[in-house]
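Contents: one structure, followed by commentary.
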Amino acid sequence: RDEQGPPRPEADLWRGADWLEREVYDMFGVTFAGHPDLRRLLLPDEWQGHPQRKDYPLEGPGELLMERAGAGVVEAMQRRYGPTLGLRVLVLCGTGNNGGDGLVAAHHLLARGAEVHVGVLGDHTRIHGDALAHLDRVTATGLTVTSIGGEDELERLVASRDEWDLALDALLGTGARG
């Protein structure tokens with residue numbers, strides 16, 4: 001390692017080191033001068049920052065974090081599939097924070113002209129905190145949020161359109177148990 005600059009990539013010597021160096025870059029932000037393919041490995045391209053750094057913000061208003069997550073999902077969808085104007089999108093949400101992210105995404109998709117249908121697996125009255133604020137925001141637009149208590153209700157929601165262009169899974173997050 002040259003103390004005057006970033007470390008040299010070991011991928012030139014060992015091909016397998018390429019992946020390890022990409023992981024170090026992704027999580028810690030360490031760059032390797034001349035690395036052949038230094039890009040995200042574990043996190044999505046739209047992720048901001050490097051989560052294992054001491055200066056990475058671990059907290060913030062939950063409502064704002066959900067807003068960023070949901071908006072980021074829609075931006076990633078548009079990069080992958082193009083404009084969402086006129087697309088028929090089914091958004092399935094859980095009752096926790098991941099569901100809140102999905103509600104934000106539904107709001108952004110609606111604002112971009114998509115035909116959005118939202119289903120909450122479980123009783124939507126169980127949604128609370130920051131996710132509830134986003135549920136209120138979505139329903140204020142006139143969008144109906146369907147509570148899905150069983151397989152029959154899910155099948156009815158899915159069958160409400162002949163065809164879906166996209167489906168967004170916002171059911172389970174890192175806190176899921178069971």
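Some points to look at:
- Matching residues in the range 73-89 - criterion: being out of contact with any Ser or Thr (no Cβ under 7 Å at 6 or more places or on another chain) and open to solvent by 10 Å² or more (accessible area, probe 1.4 Å): Val73, Glu75, Ala76, Arg79, Arg80, Tyr81, Gly82, Pro83, Leu85, Gly86, Leu87, Arg88
- Some residue of the range 93-100 being without any contact (Cβ under 8 Å) to a residue 40 or more places away in the chain, open to solvent by 60 Å² or more (accessible area, probe 1.4 Å) and farther than 19 Å from Trp47 by Cα: no
- Set side by side, the residues Arg88, Arg112, Arg161 differ, and just one is basic (Lys, Arg) and out of contact with any strand residue (DSSP E or B) (no Cβ under 6 Å at 6 or more places or on another chain), which is Arg112.
- Hey, Arg68 modelled with pLDDT of 80 or more, of a type in the set (Lys, Arg) and surrounded by 13 or more Cβ atoms within 10 Å (Cβ to Cβ) or not: yes
- Residues of the range 32-51 that turn out to be closer than 30 Å to Gly70 by Cβ, more than 17 Å from the chain's Cα centre (by Cα) and surrounded by 13 or more Cβ atoms within 10 Å (Cβ to Cβ), as a count: 1
- The lone exception for Ala11 - which of (1) modelled with pLDDT under 80; (2) out of contact with any helix residue (DSSP H, G or I) (no Cβ under 7 Å at 6 or more places or on another chain) it fails: (2)
- Boolean, Glu151 is touching a residue at least 12 places away in the same chain (Cβ under 8 Å), open to solvent by 30 Å² or more (accessible area, probe 1.4 Å) and under 16 Å from Leu90 (Cβ atoms): no
- On inspection, Glu63 qualifies as under 28 Å from Thr139 (Cβ atoms), in contact with a His (Cβ under 8 Å, 6 or more places away or on another chain) and open to solvent by 60 Å² or more (accessible area, probe 1.4 Å).
- Members of the range 113-140 that are among the β-branched types (Val, Ile, Thr) and open to solvent by 70 Å² or more (accessible area, probe 1.4 Å): Thr125
- Cβ pairs under 7 Å, 6+ apart, first in the range 105-127 and under 11 Å from Val74 (Cβ atoms), second in a strand (DSSP E or B) and of a type in the set (Gly, Ala, Ser): Ala105/Ala170
- Given (1) open to solvent by less than 50 Å² (accessible area, probe 1.4 Å); (2) closer than 24 Å to Ala111 by Cα; (3) of a type outside the set (D, E, K, R), index of the condition Gly173 fails: (2)
The values are calculated or read from the model by the stated rules, or taken from the named source; none is laboratory data. These numbers come from a predicted model, not from an experiment. When we count neighbours, we look across all protein chains shown, and the Cβ atoms used for this are built from the backbone with ideal geometry, even at glycine. To get the accessible areas, we keep the full protein, side chains included, count just its heavy atoms, and leave off ligands, DNA and RNA. Shrake-Rupley method; radii C 1.70, N 1.55, O 1.52, S 1.80 Å.
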